[in-house]
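Structure first, then comments.
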Amino acid sequence: MADDIVSVKENTETDGNPETVFAEPIMSKNQLKRLEKRRRWLEMKPLLKAKRKQKRKLKLQEAKQAGKDLGPSRKLLKSLKMSDSTCKLKICFDLSLAEVMTPAEFSKTFKQLHRCYSINRRASAPLQLHITGYSEATKDLLGNMSGCFNWDVNFNSSTHAEIFSKEKIIYLTSDSPNVIEDLDHDKVYVIGALVDHNRLKNICYEKAIKEGVGHAQLPLDLYFKFKTRKVLTIDQVFSIFLKVTEGKSWIDAIFDTVPKRKGVEIKENFKNSLDNGVQNKMEMDDSTGSNLQDPLVVESSEENGNGDHSN
């Protein structure tokens with residue numbers, strides 16, 4: 001342990017009294033390494049940003065030349081409003097759970113919420129998003145992050161149980177004995193905005209019971225076998241809902257969203273239910289043995305793994 005501590009420098013000139021000795025804060029070698037790593041990252045950040053911008057520009061040019069559909073432009077996306085969407089399904093992110101998260105866990109939660117918002121903005125028929133239940137302290141944290149209160153999202157510090165009728169609320173939790181079979185557009189589906197690395201067992205289920213609201217889980221076990229834990233990130237759960245509203249089946253939406261490194265396998269009696277695109281993708285993965293993922297995707301879904309609401 002002594003080897004990891006940087007020696008302390010004494011300063012006898014701070015207050016002009018030679019008898020008073022002040023010590024600079026002690027920093028371990030690991031802390032110094034992290035500081036140096038961050039310094040280098042900040043130094044490289046503008047170059048990396050420019051490189052990513054150039055890469056996106058080249059990809060767009062290649063796509064245009066190949067006649068690919070590039071989807072809606074950024075200008076069009078900015079003009080579209082969630083309230084004008086033909087899809088009225090309500091998804092509510094419960095931020096009251098911020099009180100039980102560490103700062104690092106909350107930061108990861110915000111990144112996943114940001115990803116959900118970005119996905120929704122690019123959808124042809126965006127879902128109706130609500131972020132609820134945050135305290136004043138959480139509101140202050142949100143206010144410092146990417147101007148999120150300018151998002152096209154319904155923000156409300158009141159809880160979902162205060163905003164919506166309890167009879168219409170379905171809280172998503174993998175501990176629920178209930179399984180969602182069909183989406184009900186009259187219901188409000190609540191996703192616990194929580195990243196806890198499986199530290200807080202049953203928290204969403206117990207919260208739903210305490211509030212007296214409905215609860216259910218996604219039909220993962222009904223259609224699939226998993227070789228690893230079934231924990232999904234907040235944005236993965238949201239993506240599944242969005243794809244189902246766009247006309248995909250639960251099987252296709254889940255299979256297309258869950259990372260292949262989780263070893264997800266569709267149960268034998270449902271394999272014929274896959275659409276051709278997903279079936280071809282599955283066969284291609286099998287033939288190449290490809291479990292490789294974009295490192296950015298791996299980081300976002302593995303490192304930011306969330307709590308028990310995920311399925």
(message) If I filter segment 129-136 for residues that are part of a helix (DSSP H, G or I) and either among the hydrophobic types (A, V, I, L, M, F, W, C) or within 13 Å of the chain's Cα centre (by Cα) (or both), do I get at least one hit?
(response) no
(request) Consider residue 96 carefully, then state whether it is part of a loop (DSSP other than H, G, I, E, B) and surrounded by 15 or more Cβ atoms within 10 Å (Cβ to Cβ). (result) no
(message) Consider segment 206-247. How many of its residues are modelled with pLDDT of 95 or more and of a type in the set (Phe, Trp, Tyr)?
(response) 2
(message) Among (1) out of contact with any Phe, Trp or Tyr (no Cβ under 8 Å at 6 or more places or on another chain); (2) over 18 Å from residue 217 (Cβ atoms), there is one condition residue 169 misses while meeting the rest; what is its number?
(response) (2)
(request) Scan segment 253-270 residue by residue and report those that are open to solvent by 10 Å² or more (accessible area, probe 1.4 Å), in a helix (DSSP H, G or I), closer than 13 Å to residue 220 by Cα and in contact with a helix residue (DSSP H, G or I) (Cβ under 7 Å, 6 or more places away or on another chain). (result) 256, 257, 270
(request) Hey, can you tell me all the residues within segment 31-73 that are open to solvent by 100 Å² or more (accessible area, probe 1.4 Å) and either farther than 26 Å from residue 119 by Cβ or not in a helix (DSSP H, G or I) (or both)? (result) 33, 34, 37, 38, 39, 40, 41, 43, 47, 65, 68, 69
(request) State which residue is surrounded by the most Cβ atoms within 10 Å (Cβ to Cβ) when the search covers only segment 211-230 and only residues that are in a strand (DSSP E or B) and either out of contact with any Leu (no Cβ under 8 Å at 6 or more places or on another chain) or of a type in the set (Phe, Trp, Tyr) (or both). (result) 224
(request) Filter segment 163-184 down to residues that are in contact with a strand residue (DSSP E or B) (Cβ under 7 Å, 6 or more places away or on another chain) and either part of a loop (DSSP other than H, G, I, E, B) or small (Gly, Ala, Ser) (or both) and give me whichever is surrounded by the most Cβ atoms within 10 Å (Cβ to Cβ). (result) 173
(message) Just to verify a result, which residue in segment 271-284, among those that are part of a helix (DSSP H, G or I) and in contact with a helix residue (DSSP H, G or I) (Cβ under 6 Å, 6 or more places away or on another chain), is modelled with the lowest pLDDT?
(response) 278
(message) Can you go through 52, 74, 56 and tell me which one is more than 30 Å from residue 247 (Cα to Cα) and modelled with pLDDT under 90?
(response) 52
(message) Within segment 185-210, take every residue that is assigned to a loop (DSSP other than H, G, I, E, B), open to solvent by less than 60 Å² (accessible area, probe 1.4 Å) and not polar (S, T, N, Q) and give me the one that is nearest to residue 248 (Cα to Cα).
(response) 187
(message) Please go through (1) within 16 Å of the chain's Cα centre (by Cα); (2) over 14 Å from residue 191 (Cβ atoms) for residue 150 and return the number of the only condition it doesn't satisfy.
(response) (1)
(message) Could you check segment 147-162 and list, in sequence order, the residues that are touching a Leu at 6+ places or on another chain (Cβ under 7 Å) and in a strand (DSSP E or B)?
(response) 154
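The values are calculated or read from the model by the stated rules, or taken from the named source; none is laboratory data. As the structure is a computational prediction, the values presented were derived from the model and not from experiment. No Cβ is skipped: glycine too gets one built from the backbone with ideal geometry, and neighbour counts run over all protein chains shown. For accessibility, only protein heavy atoms count, side chains too; no ligands or nucleic acids. Shrake-Rupley method; radii C 1.70, N 1.55, O 1.52, S 1.80 Å.
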